[in-house]
Amino acid sequence: MKRFALTLSIIIGFTSLVLGQNEEEPPFGMGKLEAYSVFIDAYNSEDYELARTYGEWILNAKPETLEGHPSFDLERQFDRMTKVYAGLAQEESDPTLVDEYLQKALKTFDIAFETFTSEEQQFEWNIKKGRFYQSYMNMFDRGLDKAIEYYSNAFEMNPREFTGMSDGYYAHILLTSYVSAGQREEALAMIDEIEDYTPPEIQSAINEARNELFDDPEERVVYLESQLEGADQEEKEALIAEIVDLYDELGDNENSTRWVEELYELNPSYENTRQIADIYLSAGQYNVALDYLLEAKEKSPSSDEEKVAALEIAETYQQLDDLESARDYAQEAINIDREWGPPYLRISSIYAAAVAKCTSGRNIERDDRTVYWLALDYLEEGMSVDPSIRSAAQSRIDSYQPVLPSSEDKFFRGWENGQTINIDASIDECYSWINETTTVR
């Protein structure tokens with residue numbers, strides 16, 4: 001109850017001060033020009049208490065002109081008085097007085113809106129009140145939100161002028177606030193309104209806003225595609241890379257592939273070449289993928305990338321049933337890095353595939369089985385240089401045991417343990433391309 005009475009007394013006191021009918025003459029019997037001079041001197045020296053005494057006379061009297069001061073501007077004095085009250089509030093430690101001064105400042109704005117009624121003046125006072133709330137936001141509950149309210153009013157009154165003010169400063173604040181508050185429709189409407197005449201300074205804010213607003217993959221991909229026109233090469237690459245990711249997320253392989261091809265045409269770098277190769281590998285189009293893998297290998301920036309490309313070429317050739325080329329590229333991967341285990345695994349797989357291919361339509365014979373000894377040689381060597389493949393290699397060794405030459409096979413062929421034998425056309429013409437030796441086990 002006490003708080004209510006105090007607040008009421010403040011309101012009544014202020015109303016009598018600002019709106020009173022008998023306080024239109026300068027205080028202390030001063031002349032108007034003399035009183036105005038005291039006000040200006042106090043305002044400029046930040047003596048806000050003294051400035052308030054003389055400024056409140058101006059608020060009450062509202063003189064449109066001041067004899068002896070042809071440049072007198074009543075609006076300017078209202079603007080100054082809002083700063084006087086804010087300055088007094090900042091100097092106060094008593095919360096009650098802080099609130100009193102802030103209320104007086106806000107009441108000054110209310111009177112300004114009532115006094116200065118042209119469209120241009122109303123626009124300017126919305127800006128001023130928004131700026132007031134923004135400048136002293138920590139002194140108000142939801143001060144920034146209230147600032148945005150008045151900036152929004154100003155924008156609706158004159159979008160073009162609002163957008164151009166202070167190199168787009170206010171437009172930037174308003175647009176950013178819409179995005180932060182999740183006011184999607186307001187943000188998009190604002191962008192549509194200002195985009196044709198927005199200052200360059202806030203174009204980046206528009207782009208950032210759209211980035212945040214278009215978070216749905218389908219909407220975002222349409223937006224990103226619209227941004228390609230006019231973008232430089234670096235920007236296009238970044239945009240297309242994201243477009244590809246979005247189409248992948250949407251499961252649209254056709255469009256994903258189309259844009260990867262666009263990216264490759266724009267810049268056939270190692271990374272882009274690898275990406276398009278991966279697209280075709282995933283689609284099972286091995287003949288097309290192979291060309292890009294071969295190109296990527298030539299463009300590899302380091303031996304690590306080169307050995308990976310060589311191994312993938314080997315895998316692709318194996319998918320195409322070109323086992324000799326598959327073996328050659330796996331061997332090239334080994335030559336690049338002899339301590340990397342995966343190519344050894346790949347060659348063992350290629351030689352096992354050779355047996356399956358050469359015995360297609362017939363039974364596997366003693367000589368065919370010797371190829372598995374060669375496969376074991378690669379598996380054992382791979383484990384010795386790269387322990388990380390031990391589990392995979394051992395699993396494969398175990399799987400080959402049932403098809404290795406048996407003791408009976410060795411007896412009938414006269415093979416002795418440790419003996420070197422050739423894996424080539426001497427077994428079957430089908431194996432001529434292997435042309436390696438292995439050891440009887």
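The values are calculated or read from the model by the stated rules, or taken from the named source; none is laboratory data. Note that the structure is predicted; figures quoted are calculated from it, not measured. Cβ: placed from backbone, ideal geometry, glycine included. Neighbour counts: every protein chain shown. Just so you know, the surface numbers come from the protein's heavy atoms only, side chains and all, with ligands and any DNA or RNA stripped out. Shrake-Rupley method; radii C 1.70, N 1.55, O 1.52, S 1.80 Å.
The table below gives the values:
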read-out	value
Counted charge near residue 297, where neighbours are those whose Cβ lies closer than 10 Å (Asp, Glu -1; Lys, Arg +1)	-3
Size descriptor, Kirkwood hydrodynamic radius, that averages inverse alpha-carbon separations across the range 320-421, Å	14.4 Å
With DNA, RNA and ligands ignored, accessible area of residue 117 (1.4 Å probe; Å², nearest 10)	100 Å²
Using θ = phi - 60° and Karplus 6.51 cos²θ - 1.76 cosθ + 1.60, couplings along the range 331-344 (whole Hz; Gly, Pro as x)	5, 5, 4, 5, 5, 6, 8, 6, 9, 9, x, x, x, 5
Length-normalised contact order of the range 74-129 in % [C-alpha pairs under 8 Å, at least 6 apart]	35 percent
CD proxy at 222 nm, helix term only [per DSSP H run n ≥ 4: -39500 (n - 2.57); per residue of the chain; nearest 500]	-23000 deg cm²/dmol
Proximal lysines relative to residue 297, as straight alpha-carbon distance under 19 Å, when same-chain residues fewer than 8 apart are discounted	307
For the chain, built as a Gaussian network whose Cα springs stay under 10 Å, the top-fluctuating residue of 268, 26, 95	95
Relative compactness, the range 139-206, computed as alpha-carbon Rg over 2.2 N^0.38 Å	1.04
Other-chain or far-sequence residues with amide H under 5 Å of residue 437's (modelled H)	423
Where Rh is the Kirkwood radius over Cα pairs, Rg/Rh for the range 83-196	1.02
Cβ crowding within 10 Å averaged over residues, with 49-59, 320-330, 407-417 ranked highest first	49-59, 320-330, 407-417
Highest-fluctuation residue, 315, 229, 219 considered, GNM on the chain with Cα pairs under 10 Å	229
Descending semi-axes in Å of the range 207-321, equivalent ellipsoid built from Cα gyration tensor	30, 16, 10
Rounded to the nearest 10 Å², the accessible area of residue 430 at probe 1.4 Å	40 Å²
Long-range tail of P(r) for the chain (Cα pairs > 32 Å, %)	64 percent
Acute angle (nearest 10 degrees) that the helix 2-19 long axis makes with the longest principal axis of the chain, alpha-carbon atoms	60 degrees
Coil-residue trypsin sites (Lys or Arg not before Pro) of the range 62-152, DSSP, other Cβ within 10 Å capped at 11	142
Contact order relative to length of the chain, as percent, for alpha carbon pairs under 8 angstrom and 6 or more apart	5 percent
With all protein chains modelled, accessible area of residue 364 [1.4 Å, Å²]	60 Å²
P(r) tail fraction, the range 31-112 - alpha-carbon pairs more than 19 Å apart, %	34 percent
Mean projection area, nm², convex hull over Cα of the range 387-441	5.0 nm²
